[in-house]
1. So Ser371 clears everything in (1) modelled with pLDDT of 95 or more; (2) polar (S, T, N, Q); (3) within 24 Å of the chain's Cα centre (by Cα) except one condition, right? Which one?
2. Is it true that Leu56 is under 13 Å from Leu299 (Cβ atoms) and either at pLDDT 95 or above or acidic (Asp, Glu) (or both)?
3. Which residues, counting only those in segment 25-59, are of a type in the set (A, V, I, L, M, F, W, C) and over 22 Å from Ala74 (Cα atoms)?
4. Check off (1) aliphatic (A, V, I, L, M); (2) over 30 Å from Ile256 (Cβ atoms); (3) touching a strand residue (DSSP E or B) at 6+ places or on another chain (Cβ under 7 Å) for Ile139 and give me the number that stays unchecked.
5. Which numbered condition trips up Val16, out of (1) out of contact with any Gly (no Cβ under 8 Å at 6 or more places or on another chain); (2) assigned to a helix (DSSP H, G or I); (3) not small (Gly, Ala, Ser)?
6. Being part of a helix (DSSP H, G or I) and modelled with pLDDT under 95 is the filter here, so list the residues in segment 66-97 that pass it.
7. Whether any residue in segment 267-288 is β-branched (Val, Ile, Thr), at pLDDT 90 or above and not assigned by TED's automatic domain parsing to the domain that holds Glu102 is what I want to check.
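The values are calculated or read from the model by the stated rules, or taken from the named source; none is laboratory data. Predicted model only: the values in this text are computed from it and were never measured. Neighbour counts run over all protein chains shown; Cβ positions are idealised from the backbone, glycine included.
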Amino acid sequence: MRSGKSKVGLIGLGTVGKSVVKLWPRADGIILKRIVDKDKKKGDSALFSTKPDDILNDPEIDIVIELIGGINDAYRYIKSAIEKGKNVVTANKALLALKGEELEKLALAKGVSLGYEASVCAGIPIIRGIREGLAANRIRSIYGIINGTANFILSAMEEEGIGFARALSEAQEQGFAESNPTLDIDGLDSQHKLAILARLSFKTSVKLSDIYVEGIRRITHSDITYARELGYSIKLLAIAKAEGKRLDARVHPTLISKDNLLSSVRGIHNACFLEGDACGKMVFYGQGAGGLPTASAILSDVKAIASEKRGLFQMSSSGKVLEECLTGGSSRIGIVPIDELFTRYYVRFSAIDKPGVLARICDILGKHNISIVSVIQKERSGTRGVPIVMMTHKARESSMRKAISSIDRLNVVKEKSLFIRVEEVED
């Protein structure tokens, strides 16, 4: 460990970077030596530069904070910093989902730390909670609402009685959604975060392609209303569960009981429900987005690295998990394909309102071993399709997909049918 106080270089002065600077007086004397941003208009002090090399090549700087986002440049800067023997703190979940294992192995080999508390759930200390607080546990399951934008949209649809497009517009107007919201509403942001959580929790390599992902674009206000009538809420859930010697990892809209704690998570808030074999069940809840909550997590990593407990931090942040992988203590486990999922389903059809239609739909479901618990058939609406909503008993995903494909080819079905998986989360 270098003598004297740690000196830090910050790359990226966007919303989070500015919040880090705002919180810096709480850094307990750690020196912020250099700030780099490509926009010259953002800085006029002696600390400011537009050249990342002013940080990467400075031998006095021992901690680099990367906050530019994206993949290529961020990867290059982080890898260079680690190779030069510098510790790194980042909030870049997309990069960590793709390159995290490689960068952690490099950090371990170089004897430095890679901190990324801010990459999942912003100010909620879930990363440290898993790798330190729950280190004695075998994690059995994770159920997470880990994207604030998607949760804001679904909450607005439920509380205000509005459609998806209007709820998305509100999220953008209030600064909770980007002008291009694809990562959030298509579940990709949650997929990135789940890859990180699953790798830490289950001590296995998890590729993004391993995680089934489905977004919320097709959810309507009617679906939310029907779900509520049936006793459920609709949430975009990130799920990871140990299934024997395999891992079930997926992100998709999910029906959960209105009585479940996760059902009450509103707006941009995040929540993660975890179960360990020793500690039992617990919930991590709080602000999962925003400049200050994210900066709080960034600063916690910086202070941990700069402390005299750097060795402990190294082992808990990357060393313990990666050392097991490198020495054979852990290996890549199989992933449960989505087609093997066995669960209950909410299904919405839109069909012409005439005799025999419901019977034809039920006949196809029956041929695929899908039995029905309940049916809601709404009022006539002229020549337009009438919504038919069903709840099924547990069925195989592959069977559900085949059945829906056959039903959608019927000439009495007016639009593509929707099915949403049901998850029984016991809190």
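1. (3)
2. Numbers: under 13 Å from Leu299 (Cβ atoms): no; either at pLDDT 95 or above or acidic (Asp, Glu) (or both): yes.
Taking the combined requirement at face value, the residue does not satisfy it.
3. Of all residues in segment 25-59, those of a type in the set (A, V, I, L, M, F, W, C) come to 27, 30-32, 35-36, 46-48, 55-56.
Once the filter is applied, which keeps residues that are of a type in the set (A, V, I, L, M, F, W, C) and over 22 Å from Ala74 (Cα atoms), segment 25-59 yields Ala27, Ile30, Ile31, Ala46.
4. Looking at each condition in turn, Ile139 falls short on (2).
5. (1)
6. Keep residues of segment 66-97 that are part of a helix (DSSP H, G or I), which gives 72-83, 93-97.
Selection gives nothing.
7. Narrowing segment 267-288 to residues β-branched (Val, Ile, Thr): 268, 283.
Those still in the list that are at pLDDT 90 or above too: 268, 283.
Then drop every residue that is not not assigned by TED's automatic domain parsing to the domain that holds Glu102, which leaves 268, 283.
Within segment 267-288 (the criterion being β-branched (Val, Ile, Thr), at pLDDT 90 or above and not assigned by TED's automatic domain parsing to the domain that holds Glu102), the answer is yes, since at least one residue qualifies.
Matching residues to (1) outside any loop (DSSP other than H, G, I, E, B); (2) of a type in the set (A, V, I, L, M, F, W, C); (3) more than 21 Å from Ser307 (Cα to Cα):
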position: Leu103; (1), (2), (3): yes, yes, yes
position: Leu108; (1), (2), (3): yes, yes, no
position: Ala122; (1), (2), (3): no, yes, yes
position: Asn137; (1), (2), (3): no, no, yes
